[in-house]
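Below: the structure, in structure tokens.
The values are calculated or read from the model by the stated rules, or taken from the named source; none is laboratory data. Since this is a predicted model, take the numbers as computed values, not measurements. So basically every Cβ, Gly included, is an ideal-geometry build from the backbone, and we count neighbours across all protein chains shown. Ligands, DNA and RNA are stripped out before the accessible areas are found, and what is left, the full protein with its side chains, is counted by its heavy atoms. Shrake-Rupley method; radii C 1.70, N 1.55, O 1.52, S 1.80 Å.
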Amino acid sequence: MNPASAAPRRFTSPHAPAPLTQLLSNGSYSVMVTAAGAGYSRWRDIAISRWREDPTCDSYGSYVYLRDVADGAVWSAGYQPMGSEPDSYEAQLGDDQVRITRGDGDLQTSTEILVSPETDAEVRRVSVTNRGSRTYEIEITSYFEVVLATPEADAAHPAFSKMFVQTEWLADTGTLLATRRTRSPEDPKLWLSHHSTLDGTSVGGLQIETDRARFIGRGRDLRTAAAVLDARTLSDTAGTVLDPVLALRRRVRIAPGKTARLAFWTAIAGSRDDVLAIADRYREPCAVERVEGLARTRAEACLSELGIDAGQARRFQRVAGRILYADASMRAPRGILLENRSGASGLWPHGISGDLPIVLGRVARREDAAMAAQLVHAQAYWWAKGLSVDLVILSEAPAAAAAELQEALDDARRTTEPRLPDDATGRRGKVLVLRADAIPAADRDLLLTAARVVLGAADAASGGPWAGPEEPAGEARRRLEIKNGGARASGARTMPALEYYNGLGGFSAEGREYVIMLDEGQWTPAPWNNVIANPEFGFQASSDGTGTTWSINSQQNQLTPWSNDPVSNPPAEAVYLRDEETGEVWTPTPLPIREPSALYVIRHGFGYTRHEHASHGIAAELLQYVPLEDPVKIARLKLTNRSGRPRRLSVTHYVDWVLGNQRAKLAPFTITEIEPSTRALLARNPWGTEFPSRISFLDMAGRQQSCTADRREFLGRHGTLCEPAALTGGEPLSGRSGAGLDPCGAMQASVSLRDGESAELVLLLGQEETPAAALQLIRRYRERDLDAALDEVTRFWDRVLCAFEVKTPDRSMDLVVNGWLLYQTLACRVWARTAFYQSSGAYGYRDQLQDVAALCAA
């Protein structure tokens, strides 16, 4: 039997408890695919498409959509991104290719994903078979978020990184091109091509799109993309765009019993001519079969060179999924994760940077050297597939046997490592052998905490995580029905008198507020944010919803994520209302649940933002601000029953924890607990380099009745903020917290309202240096007069901003200069040092000198 000819891993549901991944590579071009159909591509150290490490939602940046032209039904080639439940589903994850097949009514959709061994290119061939009795017309659309930068650069400032990508459309060959304009002579020149070939009957011409804003639509996401759900014609434009994608669309006609095959090819090279030459090699539909044969041959040869059989390759791929997506199943015991108090710097004395994922093998006897050798093989295999890890072998042998074990480990390394090419040494990460008895106990626990995968000889011998069966499929995710809220309450339709109203907003209260009104189908062209801060703490409030919250440093110590996405602007925090009788769920802010026919009023003021929304017979007002000195965000939710009958509601406050700079890097190390005396949720992250010991908290002023810190529980597998699984039924949140979770904060309370009655809930989010200080702050704000705290804020800004007044013949200039410019300078530039577009958190001599100069007169 050939090494790679064994059957691939097969899964009959996309709902496995954790992402099931497959790595495909030709050595330089790599693709990571999940059984749910999400894909991420990279070329050497360069990300080609966008990837977000999300173990709950399998979030990548390249997909294929399908739409039935006749009835408007939409699905995706895999399960993601649409999340529509298929009649049947199978994912085959092989070492040479991935094949995903789903059935939806009369149509069967099969997708093959391969990497070409002869060029730096990949293909995704989508085959649609008509098993019914009528002829179908199907639109098939590719979607590819272009990065062409290192993942680190893209994650640090996505909007800035996107500005340097330029697209081009070659109509004569049907090829989309993208390139990154270099900023220095040392930057690599990169060109990307994207084209399609069709084996079937085409209807109409080829459509293209390179602007993500046009494809997705403002306020939407990949699951609700306007170009697909609204059947919008693609714009057929290319050039310099602020948010680049590559999208191709063809319409095909499929007669009964027939199959249409559409292949999407993507290639990368260092010059325009080279990438076009690669694209020209794959202009015929039969090219897929040639690449398929070459990929199978290369996979067999690669395993043979590495000395790995197909069974080992399957196990290595399974473990790779746990490396890519941190999951508790292969990490250290939760007790060790909970007790850790150290960060990545504690690894440095042992020669481990912490920059790469860590795989830890624990050995204690000479016989365990075989398991260590298997890990070295695994590391070589992962590197060949484009995944770099640091492999640490921890020798736990007693002193008398330590030398013998060390000798066996050295032999294992010598016999395995030479199998890699000479040029692999700079990319594959390290192999380190450490003596457990030579490492302090705290450092051993830190190493166990840091490792994404921890394996012992007993695991392999007993059929444990290393050699055990594949993960069972989970239950299908329940969908949350978002129902129309019906008639609006009359108060919500009152149009305030606004100066310089532009159709979306204008000034009110003598210029003290800027009021935005979003009626049916309306969004601001870009997120419209208010930066609300005191000298040490603050948050951004968007017209769309709630943005990031930070403490001390808005870049390095974010409590919740900073969004740099001007299209979707996903909220970092959300407040949900649920009718406990009907199960209807909505939010007082436009995101994450936007009711198409409802009106939303957003009032940005000096030091506060107020969202007003009425639907489902309930008028909701969400007021958010921070006090002048304390590190706490106060959100006051006022609910008024205008339905004409008694109502029973639940209110859920949700946040995504970051507790540092980038959520993906820090989430595996976040530790949460429900403090017993206050029932507040506390969170800390010792892995953060700048503020590792600080304690964040979430509280509902003591009114919370249930809580969870498990994002998987709240959103559900493949769930989204607009369809959280925890709100599909009436069950309370589980109270789960601790370590090894995909962390979040969610609290829930019940509210009963008679007709005409109002009630207010207080939602607190903050951070302090110690648990004791955090609890003291929580207790103080449970008792504090919050109206007085808000009054202090407004009086402070009146005092600062009214120090002088400018009167000119131009009223619009007076409105901006008298208050708003100074407010922006102090709150945003001096205190927060953040905004929607950029979050530096830092002081710059030139910038802050200019800012402070503007405040001298005030």
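Any idea which residue in the range 138-169 is farthest from ARG232 (Cα to Cα), counting only those that are touching a helix residue (DSSP H, G or I) at 6+ places or on another chain (Cβ under 8 Å) and free of Cβ contacts under 8 Å to residues at least 24 places away in the same chain?
Within the range 138-169, the match that is farthest from ARG232 (Cα to Cα) is ALA153.
Applying the selection to the range 362-386, what residues are open to solvent by 20 Å² or more (accessible area, probe 1.4 Å) and either under 15 Å from LEU448 (Cα atoms) or not in a helix (DSSP H, G or I) (or both)?
Scanning the range 362-386 gives ARG362, ALA364, ARG365.
Is there a residue being open to solvent by 10 Å² or more (accessible area, probe 1.4 Å), modelled with pLDDT under 90 and either polar (S, T, N, Q) or in a helix (DSSP H, G or I) (or both) anywhere in the range 320-336?
Looking for residues that are open to solvent by 10 Å² or more (accessible area, probe 1.4 Å), modelled with pLDDT under 90 and either polar (S, T, N, Q) or in a helix (DSSP H, G or I) (or both), one finds at least one in the range 320-336, hence yes.
Have a look at ALA827, ALA853 and point out the one that is more than 30 Å from VAL567 (Cα to Cα), assigned to a helix (DSSP H, G or I) and small (Gly, Ala, Ser).
ALA853
Going by what's in this entry, would THR808 be described as polar (S, T, N, Q), part of a loop (DSSP other than H, G, I, E, B) and either open to solvent by less than 30 Å² (accessible area, probe 1.4 Å) or free of Cβ contacts under 8 Å to residues at least 40 places away in the same chain (or both)?
yes
Looking for something surrounded by fewer than 21 Cβ atoms within 10 Å (Cβ to Cβ) and of a type in the set (A, V, I, L, M) - is there at least one such residue anywhere in the range 608-627?
Yes, there is a match, as at least one residue in the range 608-627 is surrounded by fewer than 21 Cβ atoms within 10 Å (Cβ to Cβ) and of a type in the set (A, V, I, L, M).
Looking at the range 300-307, is at least one residue in contact with a Ser or Thr (Cβ under 9 Å, 6 or more places away or on another chain), at pLDDT 95 or above and surrounded by 18 or more Cβ atoms within 10 Å (Cβ to Cβ)?
No, the range 300-307 contains no residue that is in contact with a Ser or Thr (Cβ under 9 Å, 6 or more places away or on another chain), at pLDDT 95 or above and surrounded by 18 or more Cβ atoms within 10 Å (Cβ to Cβ).
Go through the residues of the range 343-361 one by one and say whether even a single one is under 16 Å from GLY456 (Cα atoms), in contact with a helix residue (DSSP H, G or I) (Cβ under 8 Å, 6 or more places away or on another chain) and in a helix (DSSP H, G or I).
No, every residue in the range 343-361 fails to be under 16 Å from GLY456 (Cα atoms), in contact with a helix residue (DSSP H, G or I) (Cβ under 8 Å, 6 or more places away or on another chain) and in a helix (DSSP H, G or I).
Output yes when any residue across the range 632-645 is closer than 26 Å to PRO743 by Cα, surrounded by fewer than 24 Cβ atoms within 10 Å (Cβ to Cβ), modelled with pLDDT of 95 or more and of a type in the set (Lys, Arg), and no when none is.
yes
Which of the residues spanning the range 651-670 are touching a helix residue (DSSP H, G or I) at 6+ places or on another chain (Cβ under 8 Å) and within 24 Å of LEU637 (Cβ to Cβ)?
THR652, TYR654, ASP656, TRP657, VAL658
Considering only strands (runs of 3 or more DSSP E) fully contained in the range 507-552, which possess at least 1 residues that are touching a helix residue (DSSP H, G or I) at 6+ places or on another chain (Cβ under 6 Å)?
Answer list for the range 507-552: 529-534, 537-542.
Pairs, please: C-beta under 6 Å, at least 6 apart or cross-chain, first residue in contact (Cβ under 8 Å) with a residue 40 or more places away in the chain and more than 29 Å from SER353 (Cα to Cα) and in the range 678-689, second open to solvent by 10 Å² or more (accessible area, probe 1.4 Å) and among the β-branched types (Val, Ile, Thr)?
LEU681/ILE674
Of all residues in the range 247-282, count the ones that are surrounded by 14 or more Cβ atoms within 10 Å (Cβ to Cβ) and in a loop (DSSP other than H, G, I, E, B).
Counting residues in the range 247-282 that are surrounded by 14 or more Cβ atoms within 10 Å (Cβ to Cβ) and in a loop (DSSP other than H, G, I, E, B) gives 2.
Just checking: which of the strands (runs of 3 or more DSSP E) contained wholly in the range 690-780 hold 3 or more residues that are surrounded by fewer than 24 Cβ atoms within 10 Å (Cβ to Cβ)?
743-753, 758-768
Here's a check for you: in the range 191-229, which residue that is among the β-branched types (Val, Ile, Thr) and more than 28 Å from ALA159 (Cβ to Cβ) is least open to solvent (accessible area, probe 1.4 Å)?
Within the range 191-229, the match that is least open to solvent (accessible area, probe 1.4 Å) is THR197.
In the range 781-791, what count of residues is obtained for those that are assigned to a helix (DSSP H, G or I) and free of Cβ contacts under 8 Å to residues at least 60 places away in the same chain?
Adding up the residues that qualify gives 4.
Here are LEU821, LEU801, LEU815: which of them is open to solvent by 60 Å² or more (accessible area, probe 1.4 Å), under 22 Å from GLY506 (Cβ atoms), more than 32 Å from the chain's Cα centre (by Cα) and modelled with pLDDT under 95?
LEU821
Within the range 651-666, identify whether any single residue is among the β-branched types (Val, Ile, Thr) and closer than 30 Å to GLU510 by Cα, and answer yes or no.
no
Determine if the range 598-607 includes at least one residue that is more than 28 Å from ALA509 (Cα to Cα) and charged (D, E, K, R).
No, the conditions are met nowhere in the range 598-607.
Would you tally the residues in the range 650-672 being in a strand (DSSP E or B) and either surrounded by 22 or more Cβ atoms within 10 Å (Cβ to Cβ) or in contact with a Gly (Cβ under 7 Å, 6 or more places away or on another chain) (or both)?
Summing the residues that are in a strand (DSSP E or B) and either surrounded by 22 or more Cβ atoms within 10 Å (Cβ to Cβ) or in contact with a Gly (Cβ under 7 Å, 6 or more places away or on another chain) (or both) in the range 650-672 gives 8.
Considering only the range 613-632, I want to know if a residue exists there that is in contact with a Gly (Cβ under 9 Å, 6 or more places away or on another chain) and under 14 Å from LEU698 (Cβ atoms).
Yes - at least one qualifying residue is present in the range 613-632.
Which one is farthest from TYR625 (Cα to Cα), of the residues in the range 553-597 that are among the acidic types (Asp, Glu) and in a loop (DSSP other than H, G, I, E, B)?
Residue satisfying both the conditions and the ranking: GLU581.
Can you name the number of the only condition in (1) under 18 Å from the mean Cα position of the chain (by Cα); (2) without any contact (Cβ under 8 Å) to a residue 24 or more places away in the chain; (3) open to solvent by 10 Å² or more (accessible area, probe 1.4 Å) that ARG50 fails?
Answer for ARG50: the failing condition is (2).
Going through the range 729-765 one residue at a time, which ones are at pLDDT below 95 and over 24 Å from ALA328 (Cβ atoms)?
Correct list: GLY729, GLY730.
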